[in-house]
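Some notes on the structure that comes next.
Every read-out reported here was derived from the displayed coordinates using simple, explicitly stated rules and does not represent laboratory data. Please read all numbers here as calculations on a predicted model, not as lab measurements. So basically every Cβ, Gly included, is an ideal-geometry build from the backbone, and we count neighbours across all protein chains shown.
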Amino acid sequence: MGGQIGLGFSSNIRFAGLRAAAIVAGLAALLLAFAAPAGAQTLDRLAKGDPFRIGYRQFAPPYSYAASNGQPAGYIVDLCREVADALKRSLKLPNLPVEYVKVSAEDRFEAVRDGRIDILCEPTSMTMSRRALVDFSLPTFLDGAGVVTRGPAVKGLEELRAKKVGVLKGTTTEETLRSTLAQMGIAATIVTVTDHPDGLKQLAEGKLDAYFGDRGILNYLIANMPFGSRLSLSDQYFTFETYALGLPRGDQAFRLLVDTTLADLYRTDRIRDIYAKSFGKFPPDQFLNALFVINGVPK
C-alpha cells in the first residue's frame with residue numbers, strides 16, 4: 001500500500017507539474033496576444049506617413065458632429081485633435097495627414113476593431129462588455145440620461161407608462177431604458193431612431209410622447225432647434241455615463257500617448273479653453289471638475 005501511495009503521490013506531482021506548465025504556456029500566449037505589437041504597428045504605420053483616422057458621429061453635438069460647413073466639430077473631436085498634434089510632435093511629422101471618418105452608433109466599435117479608424121471620438125460610454133471589442137482612454141466626460149417631452153418636463157419614469165418613448169438605437173441609453181422600465185413594471189412602447197435630431201423632430205410632431213437620451217446632447221439640440229421652445233428636458237438624471245475615447249485593443253504604446261495627452265490637458269487651463277469652445281460661458285460642473293483633477297495624472 002505504501003508503494004501505491006508513493007506512486008500516486010509521484011504521479012500527482014508530475015501531473016501538477018504538467019498542468020502548471022500548461023497554465024504558464026497559456027498565460028504566455030495570452031500575454032503575446034495582448035502585448036505591445038498591435039500598438040507598435042499603429043505608431044509604425046503613422047510614422048510612415050499613413051493618415052491618422054479620427055472616427056466621429058455626425059449627430060452627437062456638442063461632443064461630436066458635422067458643423068454647418070460640413071467639418072467635424074465638438075468637444076471630444078477637439079480632444080482628438082490634441083491627440084493628433086501630440087502624434088505629430090512625438091513622431092516628428094508636422095505634416096502627418098489626419099482623416100475624419102463618419103461612424104454611426106451601430107458600427108462605431110466595429111470601426112475601431114476592424115481598423116477603419118484609429119480612435120473613436122464621440123460620446124462613448126465605457127462599459128465592461130464594450131471592452132471585449134475596444135480599449136478605452138482616460139475618461140473624457142461625465143453625463144447622464146434625461147427625458148424630453150412636449151410641455152411640462154417629467155419628474156419620474158412612471159410618467160412614461162403607456163407612452164411611446166424614442167431612443168437612439170444601439171446605445172447604452174437604449175439598454176438602460178429597456179431594462180429600467182422592465183424592472184419597474186412600466187409598460188411603454190420603445191421606438192428606436194437612427195439619430196437624435198430625428199427623434200426630437202418626431203417628438204415635436206406628436207409621433208412620440210417622450211424621448212430618452214444623453215442630457216448634454218439633448219440640451220444642446222433643444223437650444224439650437226427651431227421647435228426647441230416646445231420641448232422640455234427633465235431636471236433628473238436617470239443614469240450616469242462616463243465617456244472615453246475608443247482605442248484598438250492591445251495598442252499599449254498608442255494608448256499611453258493618448259492618455260498622456262489627456263492628462264497633460266487636465267493639469268492645465270487648456271482643457272477649459274477646449275470646453276468653452278463647445279459649451280460657451282457655462283463652466284464645468286463639480287463632477288467634470290473632479291474628473292479633471294482625478295485624471296490629471298502626473299508625468
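Listed from fewest to most Cβ neighbours within 10 Å, the set PHE109, PHE254 follows the order PHE109, PHE254.
How many angstrom separate the Cα center of segment 123-140 from the Cα center of segment 87-117? Here the two parts' Cα centres lie 16 Å apart.
List the residue ranges in the chain for DSSP H helices whose C-alpha atoms run 27 angstrom or more along the long axis and whose Kyte-Doolittle average is 1.0 or above. In the chain, the long hydrophobic H runs are 2-33. In terms of surrounding Cβ atoms within a 10 Å radius of their Cβ, ILE76, ILE222, ILE117 rank from fewest to most as ILE222, ILE117, ILE76.
The Rg/Rh ratio for segment 32-190 is 1.06, where Rg is the radius of gyration of the alpha carbons and Rh is the Kirkwood radius. Per the Debye calculation on the chain with a single equal scatterer at every Cα and no solvent contribution, log₁₀ I(q)/I(0) for q = 0.09, 0.10 Å⁻¹ amounts to -0.53, -0.62. The ranking of SER234, SER179 from fewest to most other beta carbons within 10 Å of each one's beta carbon is SER179, SER234.
Dividing the Cα radius of gyration of segment 146-299 by 2.2 N^0.38 Å, with N the residue count, gives 1.22.
Which far-off residues, 5 or more places away or on another chain, put their amide H under 5 Å from the one on ARG267, with H placed in the peptide plane? The answer is none. Relative protection proxy for 134-147, 195-208, from highest mean packing down: 134-147, 195-208 (other beta-carbon atoms within 10 angstrom). In this rough spin-label picture, where each label sits 7 Å from Cα along the Cβ direction, the LYS281-ASP235 distance is 2.3 nm.
In the chain, the calculated helix contribution to ellipticity at 222 nm averages -14000 deg cm²/dmol per residue, counting -39,500 (n - 2.57) for every DSSP H run with n ≥ 4.
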